[in-house]
Structure formats: C-alpha cells, structure tokens
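Accompanying notes for the structure given below.
The values are calculated or read from the model by the stated rules, or taken from the named source; none is laboratory data. Everything numeric in this text was worked out from a predicted model, so none of it was measured. We place every Cβ from the backbone using ideal geometry, glycine too, and count neighbours over all the protein chains shown.
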Amino acid sequence: MGKNCKTLSLMLAIVTVLLSGIFLYRYYIQQALYKENSAHLLATYTQVNRTFTLFAQRNWNVLSDWDANLQYITDSGNIETAWREFANRKSSWQYSDFYMFNENCDYLTASDRKGTADSIRNVFQKMYASGQAVISDYTASNGKHKVVFAVPLSKSFTPDNVSYTGVAVSYDVSTVENMISDNVYGDKSSCYLVNARGSVILSLESQSTFLAGQDNLFTYLKNNAVFSENTFAVMQRNLEQTTEGSAAFHSNGHSYYLVYQPVGINDWSIIGIVQADAVNSADQRILRLTLAMISALAVCLLLLLLRLATLHTSLKLQHQKAMHEALKKQKEQTDQLFWGMTQLVDRYAVVDLVNARYEYHEYIRDEDLYSHTGAYQELIDAITRKYVILSDTENMKINQLLDKDYLQKVLRKGNGILKIEYSGRTENVYMIMNVVAVEWDENDIPLKVMMIAQDIGKRHELENLANTDGLTGLFNERYFSRVLHQKEQQKLPFVLYYLDLDHFKPVNDTYGHDTGDKLLKEVARRLQECSRNNDLTFRIGGDEFALIISANMPEPLCRQTKDRIIRSLVCPYIIDDKTLTIGASCGYAIYPLESEDTSKIRILADQRMYAEKEQNHQKVESS
C-alpha cells in the first residue's frame with residue numbers, strides 16, 4: 001500500500017511538472033514572439049517615419065528657398081512673375097494650394113486666388129507667435145481635412161497694396177497618406193501621427209477604420225482596449241518624453257501590436273497598430289502544433305512510466321539475483337586470473353580507479369621498478385618517464401592511454417583488452433602491456449584494472465630486422481605496405497609523401513657506390529629530421545623514399561611540409577670532403593580526404609611525384 005501511494009505521488013508530481021513546463025514553454029515562446037515581432041514592426045514604421053520626416057523637411061526647405069529668392073528681387077512685377085514661376089515648378093508635388101498670407105489671414109495663391117482664410121487662422125497665429133516654421137492640420141471651408149506647412153518671410157511681399165509676410169503650402173490629407181504610407185498590412189493595420197496627448201493629427205493609412213471617427217487615440221484605447229500589464233501607462237509616458245517603444249492589447253475580439261516612435265517635429269509621434277494574426281499567424285500555428293506534440297509525448301511518457309512502475313518490482317528482484325550470481329562468478333574468475341598471471345608474466349599492477357591507488361608486483365627483476373603501492377598518477381608518471389609508446393593507437397601517448405577516464409571508456413564490460421607496445425627511452429627494452437578490467441560497477445564501468453607487462457625484446461628485434469632497410473636504417477617497403485594496411489583497417493588519418501632523388505645516378509657513376517651509399521644514408525638522416533617521433537620514414541628502393549605523417553593535416557600545411565622536406569634534401573652534402581648536390585621530387589596524398597583506399601593513395605602520391613620530376617627536368621632543359 002505504501003509503495004502504491006508513493007508511485008501515485010510520483011505520477012502526480014510528474015504530471016504537475018509536465019503541465020507547468022508546457023505552460024512556461026508557451027509563455028516563453030509568446031514573449032519571444034512579441035519581442036521579435038515588435039522589433040520587426042518598429043523597423044517597418046521607422047521607414048514610414050523617415051518618409052514623413054523627409055516629406056516635411058522638403059516642404060520647409062522649398063518654402064525657405066522662396067523666402068531667400070525674395071531677398072534678391074526688388075521690382076514688384078518681377079516678384080509676381082517669379083512667384084508664379086516658382087509655384088508652377090512645384091506643381092508636381094500634388095499640393096492643393098501654394099500661397100502667401102499675412103496676420104489678417106489674407107492670402108494670395110499661385111493661381112491668383114485671393115481672400116481671407118479664417119479656417120487656418122489658428123495655424124497662422126501659431127507661426128507668428130513662435131516666429132518659426134510650423135506644420136499643422138486644419139479643416140478647410142469646403143470641409144476637407146488638410147495639412148499645412150508655413151514659413152515666415154524675412155521680407156514682406158506687397159502686390160496690389162496688400163502686404164504678405166508668410167508663405168505656405170497645403171495638402172489634402174488623403175494625398176499625404178498615399179505618398180507616405182500605402183497600408184503596410186492592408187486593412188489589418190493602422191498608422192497615425194499623434195501628439196503627446198494622443199490627439200490624431202494624421203491618419204497615414206487611408207483604409208484604416210480602427211478609430212471609427214474618433215480624434216483622440218488615448219481616449220479610444222482607454223475605453224475599448226485591454227493592455228497587458230501597465231504598457232498603456234508606459235506608452236503615454238514615453239510619448240510625453242518622445243521615446244520609442246511597443247505594447248500589446250486586445251480589442252473587439254482581436255489581438256494587436258502597437259509600436260510608436262517620435263517624429264522629431266513638435267511633440268508628434270508615429271503610431272502603428274497591426275492585428276497580431278497579420279504578423280505572427282504562421283508562428284502561432286507552429287506553436288499550437290508544437291504544444292500538441294509535446295502534450296502527446298507527455299501522455300506517452302506517463303503511460304510508459306506507469307508501465308515501468310508495474311515492472312519495477314519484478315525486475316528489481318531479478319536484477320539483484322543476477323548481480324549476486326555475477327559477483328560470485330566474477331570473484332572466482334578474478335582469483336583464478338590473479339593466480340595464473342603470477343605464473344606467466346614478468347610484472348603486473350592492480351589499479352583501483354575509484355580511489356586512484358595501485359599495488360605493484362615484480363617477478364623477474366631483483367629490484368622493483370616502481371614502489372609497491374602508491375598513487376596511480378605517480379605510477380603513470382614513472383612509466384611515461386621510462387618508456388615511449390610504439391603502437392600508434394589514435395596517436396596517443398602512454399599517459400593518455402592509461403588515464404582513468406580513457407580506461408573506463410574503452411574497457412567497459414565485454415570490450416576486451418587494451419594492448420600497448422612500448423620501448424625504453426634510453427635502453428634497448430621492448431615491452432607489451434595488456435590492461436584488462438577485473439571489477440565493474442552496475443553500469444559495467446571498470447572499477448579496478450590489472451596492468452600486465454611482458455618483455456618482447458627478442459620478438460621485436462626479429463621484427464625490426466625484417467622491417468628495416470639494411471643500408472639506411474629506415475623502414476623498408478615490406479613494412480611500408482603493412483603500415484598502409486593497418487592505417488586503412490583502423491581508419492586513422494595520415495598524409496603520404498613519395499620522394500625520388502634527382503641527379504643521384506651521376507653521383508653514383510662518378511664517385512662510386514660507396515659514396516652513393518653514404519649519400520643515401522645522409523638523405524635518410526635528413527628525412528628523419530623532418531619527421532616527428534610518431535611519423536614513419538621508409539626507403540622503398542634505390543633512391544625512392546616515403547614518409548607517413550600520422551595526423552589530420554589541412555592541404556596548405558601538407559604543402560608547407562613538402563616544401564620543408566625538399567629544402568632540406570637539396571642542400572649540399574659533404575661526403576668524403578666532396579660537396580655533392582642533388583635534387584628531389586615529391587608528391588603527396590591525403591587519407592581519407594582524397595580516397596579511403598590506401599592503394600589509391602599510394603598511386604596518387606606516386607603519380608604526383610613523377611609529375612613533379614617531369615617538371616623539374618623540363619626546367620633544367622629550358623635553362
């Protein structure tokens with residue numbers, strides 16, 4: 001009963017965590033979408049803002065140009081002619097009126113219309129009061145909503161005994177809307193030019209019906225919209241401070257994005273309002289699908305956990321029984337292994353990987369090579385100081401192969417034995433070490449290993465004789481083929497260099513074979529100086545050599561290495577007080593980049609070497 005209650009509590013906790021996770025994921029994605037889409041909308045309406053600002057600046061600049069022209073015209077007839085010509089040149093602007101005016105609202109248009117414009121009196125008074133250029137909107141006597149740009153004149157203009165002290169241009173609001181904004185998101189977006197109090201100065205998207213005839217955006221939003229958190233108050237404060245920002249709200253069954261940024265004229269700002277589904281409908285569909293899939297996976301996970309819970313008890317009993325039998329059998333095998341090893345091997349060490357301690361046993365030497373017990377790292381350091389690795393396992397060093405993490409990785413139960421061949425750094429000693437796990441945890445990770453060492457000096461000496469070129473001491477062609485086969489089996493990357501000496505035959509013919517042999521030995525010595533400890537150098541036959549660099553090298557580095565080898569080999573040689581000069585041709589191929597077949601790598605390097613030799617001969621003949 002207690003176990004059932006515990007299982008039920010666990011299930012409820014998992015359900016709670018899953019539901020909370022789904023909710024938090026949905027909230028996080030919604031916030032990320034809001035930030036991303038708000039940034040995109042701000043970028044879009046930034047362009048609208050720039051267009052409007054450029055439009056306003058252009059009008060003020062041209063009106064200022066007219067004011068400047070008046071300073072250089074004294075004859076009234078010339079002024080009238082210049083006025084009409086100036087206005088006619090601007091006819092492509094699509095303005096409704098281009099006129100001069102005075103404090104009494106008397107006006108004179110470019111088409112010679114005269115009169116008094118009471119409907120625009122407030123705009124003119126604002127200009128005269130500030131003494132600066134203004135932009136504003138007004139309703140004309142014919143009922144049309146217009147935008148006006150007005151600039152005071154530095155010098156009055158007096159035709160027909162009427163003095164005019166200002167110049168202005170008016171546009172129908174619909175014309176301005178068409179020039180500046182063309183409904184960015186169709187009928188799902190609205191764009192307004194408002195002042196800091198929310199009064200709408202212009203609607204820049206003619207299809208918009210969002211405000212439904214109201215002239216104050218703040219009032220409308222306050223009465224008809226629900227904002228998230230306190231973003232409405234933040235928006236009002238930002239507009240008063242002429243800073244940009246964004247908000248989200250719901251109104252009349254729809255979700256909206258709202259972005260705003262200052263225009264730089266008076267206290268005006270551009271406000272863009274876009275239905276959310278016009279911006280992120282695809283993202284929302286993906287989010288809903290993702291949540292559905294996560295929910296389905298959560299249900300499947302719960303069903304799986306429920307099934308696992310029913311099997312837990314029986315599996316636990318079976319596992320305990322199997323572990324008991326395995327430990328019993330493992331102990332018997334370990335005892336037998338320890339006894340057998342003491343009869344067969346030169347020395348061994350048992351290493352506790354968990355506590356990083358070892359116990360060492362010596363059976364051949366009178367003196368122990370290492371301390372009987374101690375820290376495992378001290379044993380690794382001692383082995384590394386005395387020996388160098390011979391096998392090319394992953395191009396690793398002894399201390400890397402004996403590292404705890406590496407051993408636990410490669411010696412999991414059933415993975416066999418790690419074999420390491422190594423030799424003395426300062427003496428002719430050849431050893432082989434077999435590292436085998438003797439104790440594991442419940443996850444089959446080794447806890448203890450046995451390191452078993454044997455002397456293979458005689459076998460290694462015979463192999464060296466069979467694999468070594470008698471003249472130069474380099475590896476021979478037989479071992480070369482064997483190494484290529486091993487590289488292909490182990491899938492280890494390498495670069496193969498094929499070399500052939502140029503002009504060696506004349507040296508051999510002129511000075512004799514003894515001198516030629518000494519020259520070949522010196523070439524072998526220089527070639528070894530160009531290689532690292534884990535690289536292999538070969539004499540293939542005659543004056544042909546090969547070098548295998550066990551590394552994954554990029555092509556530019558391969559070419560640099562080739563050039564370095566050639567530079568070394570072509571330097572003059574001093575043999576028996578004679579200065580000898582030869583050339584060298586070299587070709588290389590990269591495994592497995594250029595082929596996964598080592599025989600093709602060999603052919604490719606050989607072909608490139610002979611191609612270079614042909615080029616060298618042609619250079620000599622042409623010089």
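With respect to residue 580, determine if the residue is under 23 Å from residue 480 (Cβ atoms) and either surrounded by 12 or more Cβ atoms within 10 Å (Cβ to Cβ) or of a type in the set (Lys, Arg) (or both). No: the conditions fail for residue 580. When the strands (runs of 3 or more DSSP E) confined to segment 532-577 are screened for residues that are modelled with pLDDT of 95 or more and exposed (fewer than 14 other Cβ atoms within 10 Å of the Cβ), none reaches at least 1 such residues. When segment 47-72 is limited to residues that are under 47 Å from the mean Cα position of the chain (by Cα) and among the aromatic types (Phe, Trp, Tyr), the one that is nearest to residue 202 (Cα to Cα) turns out to be 52. The residues of segment 349-383 that are touching an Asp or Glu at 6+ places or on another chain (Cβ under 7 Å), of a type in the set (A, V, I, L, M, F, W, C) and within 16 Å of residue 450 (Cα to Cα), listed by number, are 349, 350. Taken over segment 94-143, the criterion of being assigned to a loop (DSSP other than H, G, I, E, B), of a type in the set (Asp, Glu) and without any contact (Cβ under 8 Å) to a residue 40 or more places away in the chain is satisfied by 112 alone.
For segment 496-517, the condition holds for at least one residue, the condition being that it is out of contact with any Pro (no Cβ under 6 Å at 6 or more places or on another chain), among the acidic types (Asp, Glu), surrounded by fewer than 17 Cβ atoms within 10 Å (Cβ to Cβ) and in contact (Cβ under 8 Å) with a residue 12 or more places away in the chain.
Residue-by-condition table, conditions (1) modelled with pLDDT under 80; (2) surrounded by 15 or more Cβ atoms within 10 Å (Cβ to Cβ); (3) part of a helix (DSSP H, G or I):
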| position | (1), (2), (3) |
| --- | --- |
| 156 | no, no, no |
| 167 | no, yes, no |
| 170 | no, yes, no |
| 192 | no, yes, no |
| 196 | no, yes, no |
| 223 | no, no, yes |
| 229 | yes, no, no |
| 232 | no, yes, yes |
| 238 | no, yes, yes |
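Being farther than 15 Å from residue 501 by Cα, small (Gly, Ala, Ser), assigned to a helix (DSSP H, G or I) and in contact (Cβ under 8 Å) with a residue 40 or more places away in the chain is a property that holds for residue 599.
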